[in-house]
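Asker: My questions all concern the structure below.
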Amino acid sequence: MSDRSGPSGMNPVWTLVVSGLTVFMAALDNLVVITALPAIQKDLGTSLQDLEWTVNGYTLTFSVFLMAGAAAGDRFGRRRVFLAGLVVFTGASAVAALSGSADALIAARAVQGLGAAVVMPLTLTLLTVAVPERRRGLALGVWGALSGLAVALGPLIGGAVVEKISWEWIFWVNVPIGVLVLVLGLWKLAESTRPDTSLDPVGTVLVSLGVFGVVYALVSTTEHGWSSGRVIGFLAGGLVVLALFVGWELRTAEPM
């Protein structure tokens, strides 16, 4: 892949490096946390329900804000919003590592999910804008390979870190990587926007509420069961709101 600037003036190679490191870090983080759950429960003395919410809190905020993060990048600047999300994710990782209670860890994980929801879709958008069309398939393939590698290595790395050091380091490791990516992003990424677009506040609220209902229902099944009124109610309500979102998007002049 050439070092020359792509169609937006961005450097394709450096954009791929920044995007690749980011997606590897975010994907790896979610997998290593799962392997560290027994150590976290033992150290913090948490209940099984609290332990589940260290994962569920991340999943909920990530799912709910995913589309909103991508839309905000298009409107306010992909580089600007990406770097802001990276700061949120990295800062929340440090807070998670310092957490002394289950509640503090769950809150930090939820903020981590928000940061990941912003940066993950924008890594793809930044790549698409920076890389010439003839090289785009290669760049997206590398992006996908790094994501898959993180999934494959997550349990191995998480187990090694917890066994040899401590569970806090599954979060501390994000901090130097996040700072490195932030510096590279400030140095090498160019700004890009879609100035002809505007935010769709109604669509954003509808899709966020709909996704929240569906995902909350799914993560609640382990505690309440598939047949509980809570699960069925949130699932049905989420699907109805998502149907309203689709209807709105078909009519609005500026769909998400």
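The values are calculated or read from the model by the stated rules, or taken from the named source; none is laboratory data. Quick caveat, the model's predicted, so the values are computed rather than measured. Methodologically, a virtual Cβ is constructed for each residue, glycine included, from the backbone with ideal geometry; neighbour enumeration extends over all protein chains shown. Keep in mind that these areas ignore ligands, DNA and RNA; they rest on the heavy atoms of the full protein, side chains included. Shrake-Rupley method; radii C 1.70, N 1.55, O 1.52, S 1.80 Å.
Asker: With the structure loaded, tell me whether residue 207 is out of contact with any Phe, Trp or Tyr (no Cβ under 8 Å at 6 or more places or on another chain), open to solvent by less than 30 Å² (accessible area, probe 1.4 Å) and not small (Gly, Ala, Ser) or whether it fails that test.
Answerer: On the way: out of contact with any Phe, Trp or Tyr (no Cβ under 8 Å at 6 or more places or on another chain): no; open to solvent by less than 30 Å² (accessible area, probe 1.4 Å): yes; not small (Gly, Ala, Ser): yes.
When the stated conditions are applied, residue 207 does not pass them.
Asker: Within region 146-184, track down each residue that is of a type in the set (Gly, Ala, Ser) and more than 17 Å from the chain's Cα centre (by Cα).
Answerer: Matches in region 146-184: 152, 158, 159, 160, 166.
Asker: Can you pull out every residue in region 210-256 that is open to solvent by 40 Å² or more (accessible area, probe 1.4 Å), of a type outside the set (Phe, Trp, Tyr) and under 23 Å from residue 75 (Cβ atoms)?
Answerer: 242, 244, 246, 250, 251, 253, 254, 255, 256
Asker: Would you please list the contacts, defined by Cβ atoms under 8 Å and residues six or more apart or on different chains, that run from a residue in region 10-21 that is free of Cβ contacts under 8 Å to residues at least 60 places away in the same chain to a residue that is open to solvent by 10 Å² or more (accessible area, probe 1.4 Å) and small (Gly, Ala, Ser)?
Answerer: 13/2
Asker: One residue is enough: does region 153-167 have a residue meeting the conditions under 27 Å from residue 68 (Cα atoms) and hydroxyl-bearing (Ser, Thr, Tyr)?
Answerer: No, region 153-167 contains no residue that is under 27 Å from residue 68 (Cα atoms) and hydroxyl-bearing (Ser, Thr, Tyr).
For (1) touching a residue at least 60 places away in the same chain (Cβ under 8 Å); (2) in contact with a Ser or Thr (Cβ under 6 Å, 6 or more places away or on another chain), each residue gets a yes or a no:
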position: 121; (1), (2): no, no
position: 126; (1), (2): yes, yes
position: 142; (1), (2): yes, no
position: 161; (1), (2): yes, no
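Asker: Mind counting the residues in region 195-206 that are touching a residue at least 40 places away in the same chain (Cβ under 8 Å) and in a helix (DSSP H, G or I)?
Answerer: The qualifying residues number 4.
Asker: Moving on to the next point. Exactly one condition in (1) in contact with a helix residue (DSSP H, G or I) (Cβ under 8 Å, 6 or more places away or on another chain); (2) modelled with pLDDT of 80 or more is false for residue 1; which is it?
Answerer: (2)
Asker: Taking residue 198 as the residue in question, decide whether it is open to solvent by less than 70 Å² (accessible area, probe 1.4 Å), closer than 25 Å to residue 254 by Cβ, over 22 Å from the mean Cα position of the chain (by Cα) and of a type in the set (Gly, Ala, Ser).
Answerer: Taking the combined requirement at face value, the residue satisfies it.
Asker: Follow-up. Find the residue count for region 49-63, including only residues that are among the charged types (D, E, K, R) and either open to solvent by less than 40 Å² (accessible area, probe 1.4 Å) or without any contact (Cβ under 8 Å) to a residue 60 or more places away in the chain (or both). Walk me through how you get there before you give the answer.
Answerer: Applying the first criterion (among the charged types (D, E, K, R)) to region 49-63 yields 50, 52.
Now restrict to residues that are either open to solvent by less than 40 Å² (accessible area, probe 1.4 Å) or without any contact (Cβ under 8 Å) to a residue 60 or more places away in the chain (or both): 50.
Of the residues in region 49-63, 1 are among the charged types (D, E, K, R) and either open to solvent by less than 40 Å² (accessible area, probe 1.4 Å) or without any contact (Cβ under 8 Å) to a residue 60 or more places away in the chain (or both).
Asker: Okay, moving on. For region 77-179, give me every one of the helices (runs of 4 or more DSSP H) that falls completely inside it and has 1 or more residues that are open to solvent by 40 Å² or more (accessible area, probe 1.4 Å), among the β-branched types (Val, Ile, Thr) and closer than 22 Å to residue 63 by Cβ.
Answerer: Where helices (runs of 4 or more DSSP H) fall fully within region 77-179 and carry at least 1 residues being open to solvent by 40 Å² or more (accessible area, probe 1.4 Å), among the β-branched types (Val, Ile, Thr) and closer than 22 Å to residue 63 by Cβ, they are 78-98, 102-130, 133-164.
Asker: Continuing with this model, one more query. Check whether at least one residue in region 187-194 is assigned to a helix (DSSP H, G or I) and surrounded by 14 or more Cβ atoms within 10 Å (Cβ to Cβ), and report yes or no.
Answerer: yes
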